[in-house]
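The values are calculated or read from the model by the stated rules, or taken from the named source; none is laboratory data. As the structure is a computational prediction, the values presented were derived from the model and not from experiment. Cβ placement follows ideal geometry from the backbone for every residue including glycine, while neighbour counts extend to all protein chains displayed. All accessible areas refer to the heavy atoms of the entire protein, side chains included, with ligands and DNA or RNA removed. Shrake-Rupley method; radii C 1.70, N 1.55, O 1.52, S 1.80 Å.
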Amino acid sequence: MDYIDQMEKLYKFFALTLSAEQMYRTIELKRKFSNDLNLLGCFIKDFLTIENSFKVPLDENIYTEFVLYYEKNIHNLDDILLKLKNYSKHFLDIVFETVDNKDFEGYIQTINSCYFIEVYPYLIKIFDDFYNQRVDDKNTKIMLESLVNIVIKRFENPNLNNNDIFEEIKIERLAS
């Protein structure tokens, strides 16, 4: 999906609604993505998926969904910008396989080699929990192993329904 138009609209929206300092933070976000609006759009979709209890927005509704999320959470604008910053670091580490923790690198490489980007929101959340010390190293590895097992199962049987896989991920996440 081409997210360029939606991201351009989103930045116009930011220009109309954010303070100068907040706008600077969103421009820094764009720079982290080397101004690649398609990649930024993929990230915003994953961000919205996390923030909307893992309900995946339709590609053509990314801008609209973000504006609705923004309006609903306007009182926590600095929190939103901080989450965007933190989640984007995890997202880019996953995409470019540059995680700080060498033990986790193999999990990311396996997921990326299976081209199962649909699990990125779960990976982002797992890494966010780990780096913010809400989950320890051992439990993080268990969650990553479970996620990789699900991805491999999906890779081996492409006819599996993604909704079933996401339910399995939610169950695995709740169990840990």
Exercise for review: Give me a count of the residues in the range 30-65 that are in a helix (DSSP H, G or I), in contact (Cβ under 8 Å) with a residue 40 or more places away in the chain, hydrophobic (A, V, I, L, M, F, W, C) and in contact with a helix residue (DSSP H, G or I) (Cβ under 6 Å, 6 or more places away or on another chain).
Suggested key: 5
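Going through E8, E21 one at a time, which residue ends up being in a helix (DSSP H, G or I), open to solvent by 30 Å² or more (accessible area, probe 1.4 Å), over 12 Å from S88 (Cα atoms) and free of Cβ contacts under 8 Å to residues at least 12 places away in the same chain?
Testing whether each residue is in a helix (DSSP H, G or I), open to solvent by 30 Å² or more (accessible area, probe 1.4 Å), over 12 Å from S88 (Cα atoms) and free of Cβ contacts under 8 Å to residues at least 12 places away in the same chain leaves just E21.
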Practice item. Please specify each residue of the range 111-121 satisfying the condition of being of a type in the set (A, V, I, L, M, F, W, C) and either over 19 Å from N157 (Cα atoms) or open to solvent by less than 30 Å² (accessible area, probe 1.4 Å) (or both). Key: I111, C114, F116, V119
Check your understanding: Does I124 qualify as being at pLDDT 90 or above, open to solvent by 70 Å² or more (accessible area, probe 1.4 Å), out of contact with any Ser or Thr (no Cβ under 6 Å at 6 or more places or on another chain) and among the hydrophobic types (A, V, I, L, M, F, W, C)?
Key -> no
**Study point:** First in the range 86-107 and in contact (Cβ under 8 Å) with a residue 60 or more places away in the chain and over 19 Å from D136 (Cα atoms), second anywhere and open to solvent by 40 Å² or more (accessible area, probe 1.4 Å) and of a type outside the set (F, W, Y), Cβ under 7 Å, 6 or more apart
**Key:** L92/K32
Review point. In this structure, is K83 out of contact with any Leu (no Cβ under 7 Å at 6 or more places or on another chain), open to solvent by less than 60 Å² (accessible area, probe 1.4 Å) and either closer than 19 Å to I50 by Cβ or not in a helix (DSSP H, G or I) (or both)?
Key: no
